[in-house]
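Peer 1: Submitted below is the structure of interest, expressed as structure tokens.
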Amino acid sequence: MNSPDTNRDTNSVPKPGPASGTGGAGDAAVICSAKGCRAAAVWVLAWNNPKLHTPERRKTWLACEEHREHLSNFLALRGFLKDVVPLAEWEAANRP
């Protein structure tokens, strides 16, 4: 499998656009970053590339249950993976 469709470049999970969910706050689902996957994400994989990013910077990929291990392995093999956290925990920790 290839790398994910998108790289997320913040410490918070991106908010879906108007096409996702019904538009109410908190009801729109975020999807897995694995290429071609449209399943709801339940994990946040925090990572950085030490050759490009400062040590404290975290980029994020989102993963469904099915792709968590594969995406984690992809990042870990390159020495990029820093943390794997349940989505709900990540969102709670990053609320203003």
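Peer 1: If residue 79 meets every condition in (1) closer than 18 Å to residue 29 by Cβ; (2) outside any helix (DSSP H, G or I) apart from one, which number is that one?
Peer 2: (1)
Peer 1: Then there is this: Pairs please, first residue from the range 75-96 and free of Cβ contacts under 8 Å to residues at least 60 places away in the same chain, second anywhere and exposed (fewer than 14 other Cβ atoms within 10 Å of the Cβ), Cβ atoms under 6 Å, 6+ apart in sequence or on different chains.
Peer 2: Final answer for the pair search is 80/49.
Peer 1: In the range 44-96, what residues are under 17 Å from residue 34 (Cα atoms) and in contact with an Asp or Glu (Cβ under 9 Å, 6 or more places away or on another chain)?
Peer 2: 44, 45, 46, 47, 59, 60, 63 - these are the residues of the range 44-96 that are under 17 Å from residue 34 (Cα atoms) and in contact with an Asp or Glu (Cβ under 9 Å, 6 or more places away or on another chain).
We did not get these values from a lab; they are worked out from the coordinates using the rules stated. Note that the coordinates shown come from a computational prediction; the quantities given were computed from them, not determined experimentally. Here the Cβ is made from the backbone with ideal geometry for all residues, glycine too, and neighbour counts use every protein chain on show.
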